Amino acid sequence: MSEEDYENIKRRIEELSRGGRSDEIEEMRNKLNELEKALTNMETLLPIVNDYETTVERARDVRSRFEAVVSKLETIEKSIRDIDRRIQVLTRFIDEFRAEIDDVDKAISYLRKYRELNSLKQQEEEFRQQLSSLGVDTRAVTSIEDQIKYLDERLSQVRARLSDDSAELSRLELALSSLGFDKEDPPSVLRRRLDFLEDFYNRLVRIRAGIREVQARVRDEMIRIVRDNVGSIFKLLYPYNDLEGAGIEVTVRDRGVVGVVSEYTLYAIRPGGRKVTISRLSDGQRLTIALSFLLSVYRATNHNVDFLLMDEPIPYVDVNIRRAFAALLTRFVNEGLVGQVIITTQSEDLVNDIVKAAEEANVKYSVIRLVKEGNERRIVQ
């Protein structure tokens, strides 16, 4: 609303007031108040509207710039794709050119060899003509050269055979001298001595066979005892139901001079009797079977061990197997199978389980701790 409009409205109100139209005057005053409020609001909103229009204009400018940048980026992307295609074409061209260069190099090499061959053939022909002019038959010379080469090869073979025979003769003479033979003895004496040695060797073979048979019997008996002990000890160490026991199998191979070789396989037994090799078990299960086998060997041999030294014997097992292991150690001490057990460990839980098992079994024990404080270490017993 302009100042002129405002003044006109004001005069109109005064005229109406002089004319006695109070209702119209009040209505006009109300309208005038509303218009004044609207004018105040417009004056308040005018800076915001101006800022909004400025912002809109800037936004349009930014949008136009953005569209220009996007257009440039699309142009750059097209250029990059075009450059990539050109690079690929150039790469293929370079590869083909390198291949052609290689072929040219090979051709040049063949050409050089061909020229050298022609040159050698010309020299050979010149030599032949010179030899023919001197009355020498080149074919006969070539035949003589071939015969000389053949004789030289045969002579080398004979020399090698003679060297091998000489070495073999030296070995035989050395063997005969070590057995008390004399190469000057008559054949009958040598034959009697050889018969004696052959008979003596056969006796040794029979003795060795007997020893191997005894070894096999002892081994089979030991395997039977160890197998029984492994199963019982494994049940004491392993408190779960997924494995019912453990066992051991042996495979015997006769390797001649090396002798009899035995290969042992440890396995666990699933419910139902199915065998599972140790390679298919978890670390804790493997360790339990290994400890069972070790302790069963000591028990099977009835060998009282002065002391058993273990370094972190059960690092991967859970609390139940750890406690069963501690109880089994104290049991072996009470049985006299082991005189003393020395264990080094960083597990405080294992120490506590062993101490508790020893106290329950009335086994003497001693705990020695190596404590590190800063750069100093001290021993606490």
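FYI, it's all coordinate maths here, none of it is from the lab. Bear in mind the structure is a predicted one, so any value in this text is a computation, not a measurement. For neighbour counting, all protein chains shown are included, and Cβ atoms are generated from backbone atoms with ideal geometry for every residue, glycine included.
Got a sec? How would TYR110, TYR298, TYR238 order by Cβ neighbour count within 10 Å, fewest to most?
TYR110, TYR298, TYR238
How big is the charge dipole of the chain about its Cα centre, in debye rounded to the nearest 20, if each Lys and Arg gets +1 on its Cβ and each Asp and Glu gets -1 on its Cβ?
Its charge dipole is roughly 2400 debye.
Nothing charged except the Cβ atoms of Lys and Arg (+1) and of Asp and Glu (-1): what's the magnitude of the dipole of the range 1-134 about its Cα centre? Round to the nearest 20 debye.
Around 1060 debye, computed over the range 1-134.
Treating the angle as unsigned and between 0 and 90°, give the value, to the nearest 10°, between the Cα long axis of helix 3-19 and the longest Cα principal axis of the chain.
Value to nearest ten degrees: 40.
Which value, in nm² and rounded to one decimal, describes the direction-averaged projected area of the C-alpha convex hull of the range 257-381?
12.1 nm²
Have a look at ILE83, SER133, ASN41 and report the one farthest towards the positive end of the charge dipole of the range 1-134, computed about the Cα centre with Cβ charges (Lys/Arg +1, Asp/Glu -1).
The residue sitting most towards the positive pole is SER133.
Can you list the trypsin sites (Lys or Arg not before Pro) in the range 287-336 that are in a DSSP coil and have 14 or fewer other beta carbons within 10 angstrom?
none
Using only Cα atoms, locate the centre of the range 68-103 and the centre of the range 268-320, then give the distance between them in Å, rounded to an integer.
Taking the Cα centre of the range 268-320 as reference, the centre of the range 68-103 is 67 Å away.
Given axes a ≥ b ≥ c from the Cα gyration tensor, I'd like to know whether the chain is rounded (a/c under 1.5), prolate (a/b larger than b/c) or oblate.
Oblate shape, in that a/c is at least 1.5 and b/c is the bigger or equal ratio.
Of all DSSP beta bridges in the chain, what percent run antiparallel (nearest 5)?
DSSP beta bridges in the chain are roughly 80 percent antiparallel.
So if I place +1 on the C-beta of Lys and Arg and -1 on the C-beta of Asp and Glu, and nothing else carries charge, what would the dipole magnitude of the range 304-381 be about its Cα centre? I want it in debye, nearest 20.
140 debye
So for the range 304-381, taking the charge dipole from beta-carbon charges (+1 Lys/Arg, -1 Asp/Glu), which of SER366, SER347, GLY336 sits furthest toward the positive end?
It is SER366, whose Cα lies furthest towards the positive end.
Relative to the compact-globule scaling 2.2 N^0.38 Å, provide the ratio for the alpha-carbon radius of gyration of the range 1-134.
The range 1-134 yields a ratio of 3.59.
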